[in-house]
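Okay, structure first, notes after.
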Amino acid sequence: METVKLNNGVKMPILGYGVYQVTPKECERCVWDAISVGYRSIDTAQAYQNEEEVGNAIRKSGVPREELFITTKVWISNAGQENAKASIEESLRKLQTSYIDLLLIHQPFNDYYGTYRAMEEAYKAGKVRAIGVSNFYPDRFIDLAENCEIKPAVNQMETHVFNQQVKLQEVMKPYGTQLMAWGPFAEGRNDFFTNETLRMIGRKYGKSVAQTALRFLIQCGVVVIPKSTHKERMIENFQIFDFSLSQEDMDEIAKLDKAESLFFSHYDPETVKSLMTYKID
Ligand SMILES: NC(=O)c1ccc[n+]([C@@H]2O[C@H](COP(=O)([O-])OP(=O)(O)OC[C@H]3O[C@@H](n4cnc5c(N)ncnc54)[C@H](OP(=O)(O)O)[C@@H]3O)[C@@H](O)[C@H]2O)c1
């Protein structure tokens with residue numbers, strides 16, 4: 001598995017498996033399938049309410065803990081130094097592990113400075129190998145990165161061929177922060193899986209739209225964590241290391257970028273309100 005080196009020297013697989021919207025009922029089987037396919041990086045979150053099932057699957061897989069890379073995220077309702085500290089302990093308990101590889105602030109709302117301090121403490125205590133953020137657009141990212149002690153290792157953002165986050169990557173460069181793509185298929189929006197450009201380019205290499213889209217991102221140095229509950233698609237999404245897109249094809253796919261979200265705006269008051277009121281057990 002290809003890896004990227006984070007700004008603290010920790011190596012992270014460039015391809016992982018995401019479990020957003022994977023129900024607790026299905027999650028253990030899905031993570032088990034993903035590990036059997038070869039995935040070694042799993043992306044979960046307190047808000048997905050399936051950390052326990054991820055923990056069950058990794059424990060039962062028999063794969064040595066040090067060969068796995070586990071990411072989770074602190075939710076808004078657990079913000080603030082004390083709450084976040086307790087929630088990190090809870091995540092460790094549910095994941096059934098003594099350390100988390102990558103811990104992120106899920107959303108840039110509520111007392112995220114307090115959250116970040118709790119994460120810095122956990123990092124120094126060896127409970128977390130790397131810390132970072134998610135959904136931090138350039139303004140909030142720079143604010144936090146300038147005013148924290150341990151620079152964010154990762155920013156996990158909506159990133160796909162239609163929203164390539166070129167500007168954000170430039171903003172993050174001075175801090176050495178790695179872009180990690182959520183929604184690498186835009187969850188199928190904008191007729192993703194039938195896109196003509198991706199289809200025609202993929203055909204040249206004997207690859208599907210999904211494989212071509214993931215290959216484009218990893219060739220740009222972006223970490224990807226596609227989600228699927230189907231084992232055959234997990235396999236398909238894993239087979240992206242046996243070809244490489246030509247510069248001409250990379251340039252063609254780069255033209256699909258609209259530099260806009262296909263989901264929602266973090267600057268829309270209604271979106272912020274609805275995220276703030278999303279409660280977890
Ligand atoms: N930090 C954040 O705020 C945030 C937000 C969203 C997501 N994430 C993370 O990013 C991960 C990935 O994003 P996502 O789950 O939102 O969306 P995604 O990976 O872009 O898309 C998942 C969708 O694509 C389908 N799919 C997967 N592989 C396919 C293939 N080869 N061919 C056709 N369809 C395919 C899946 O269907 P089936 O499952 O039915 O196969 C599912 O409907 C999440 O699981 C989560 O870990 C983070």
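We did not get these values from a lab; they are worked out from the coordinates using the rules stated. Just so it is clear, the model here is predicted, and its values are computed rather than measured. Cβ coordinates were reconstructed from backbone atoms using ideal geometry, including for glycine residues, and neighbour counts include every protein chain displayed.
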Seminar exercise, completed: Filter region 17-28 for residues that are in a loop (DSSP other than H, G, I, E, B) and near the ligand (Cβ under 8 Å from one of its atoms); the one that is surrounded by the most Cβ atoms within 10 Å (Cβ to Cβ) is VAL19
Seminar exercise, completed: So, first residue closer than 16 Å to PHE193 by Cα and part of a strand (DSSP E or B) in region 151-168, second residue more than 10 Å from the ligand (Cβ to nearest atom) and among the charged types (D, E, K, R), Cβ within less than 9 Å, six or more apart or across chains; the pairs are ASN163/ASP257; ASN163/LYS258; ASN163/GLU260
Seminar exercise, completed: Per the filter on region 79-115, residues aromatic (Phe, Trp, Tyr) and either within 16 Å of the ligand (Cβ to nearest atom) or assigned to a strand (DSSP E or B) (or both) are PHE109, TYR112
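Would you pick out the residues in region 159-178 that are surrounded by fewer than 21 Cβ atoms within 10 Å (Cβ to Cβ) and within 16 Å of the ligand (Cβ to nearest atom)? Steps first, please.
Here is the first cut: in region 159-178, the ones surrounded by fewer than 21 Cβ atoms within 10 Å (Cβ to Cβ) are 162, 166-171, 173-176.
Correct list: PHE162, LEU168.
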For this session: Name, by its number, the condition in (1) under 23 Å from ILE240 (Cβ atoms); (2) surrounded by fewer than 18 Cβ atoms within 10 Å (Cβ to Cβ) that does not hold for GLN81.
Result: (1)
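Part of a helix (DSSP H, G or I) and either among the β-branched types (Val, Ile, Thr) or buried (at least 19 other Cβ atoms within 10 Å of the Cβ) (or both): does that describe ILE70?
On the way: part of a helix (DSSP H, G or I): no; either among the β-branched types (Val, Ile, Thr) or buried (at least 19 other Cβ atoms within 10 Å of the Cβ) (or both): yes.
In short, no.
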Seminar exercise, completed: Given the conditions (1) free of Cβ contacts under 8 Å to residues at least 40 places away in the same chain; (2) at negative phi, every one holds for ASP191 apart from (2)
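Taking LYS11, is it more than 15 Å from the ligand (Cβ to nearest atom), of a type in the set (Lys, Arg) and under 16 Å from ILE100 (Cα atoms)? First the steps, then the outcome.
On the way: more than 15 Å from the ligand (Cβ to nearest atom): yes; of a type in the set (Lys, Arg): yes; under 16 Å from ILE100 (Cα atoms): yes.
The answer is yes for LYS11.
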Exercise. Assuming TYR137 fulfils every condition listed in (1) closer than 21 Å to GLU51 by Cβ; (2) out of contact with any Phe, Trp or Tyr (no Cβ under 7 Å at 6 or more places or on another chain); (3) in contact (Cβ under 8 Å) with a residue 60 or more places away in the chain apart from one, which condition is it?
Worked result: (1)
Exercise. Within region 230-253, restricting attention to residues that are surrounded by fewer than 17 Cβ atoms within 10 Å (Cβ to Cβ) and closer than 19 Å to ASP191 by Cβ, which residue is farthest from the ligand (Cβ to nearest atom)?
Worked result: GLU252
Seminar exercise, completed: Condition set within 10 Å of the ligand (Cβ to nearest atom) and part of a strand (DSSP E or B), scope region 30-48, selection farthest from GLU66 (Cα to Cα): answer is ASP43
For this session: Any chance you could count how many residues in region 122-148 are buried (at least 16 other Cβ atoms within 10 Å of the Cβ), in contact with a helix residue (DSSP H, G or I) (Cβ under 7 Å, 6 or more places away or on another chain) and in a helix (DSSP H, G or I)?
Result: 4
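Quick grid of which residues meet (1) within 11 Å of the ligand (Cβ to nearest atom); (2) surrounded by fewer than 18 Cβ atoms within 10 Å (Cβ to Cβ); (3) hydrophobic (A, V, I, L, M, F, W, C):
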{"position": "MET180", "(1), (2), (3)": "yes, no, yes"}
{"position": "GLY183", "(1), (2), (3)": "yes, no, no"}
{"position": "GLU187", "(1), (2), (3)": "yes, yes, no"}
{"position": "THR194", "(1), (2), (3)": "yes, yes, no"}
{"position": "LEU198", "(1), (2), (3)": "no, no, yes"}
{"position": "ILE201", "(1), (2), (3)": "no, no, yes"}
{"position": "TYR205", "(1), (2), (3)": "no, yes, no"}
{"position": "VAL209", "(1), (2), (3)": "yes, no, yes"}
{"position": "THR212", "(1), (2), (3)": "yes, no, no"}
Exercise. Of the residues that sit in region 254-280 and are within 15 Å of the ligand (Cβ to nearest atom) and polar (S, T, N, Q), which one is surrounded by the most Cβ atoms within 10 Å (Cβ to Cβ)?
Worked result: SER261
Exercise. Any idea how many residues of region 29-67 are under 15 Å from the mean Cα position of the chain (by Cα), among the small types (Gly, Ala, Ser) and crowded, with 22+ Cβ neighbours inside 10 Å?
Worked result: 2
Problem set entry | Considering residues of region 79-101 that are in contact with a Lys or Arg (Cβ under 8 Å, 6 or more places away or on another chain) and of a type outside the set (Gly, Ala, Ser) only, the residue nearest to ALA153 (Cα to Cα) | ASP101
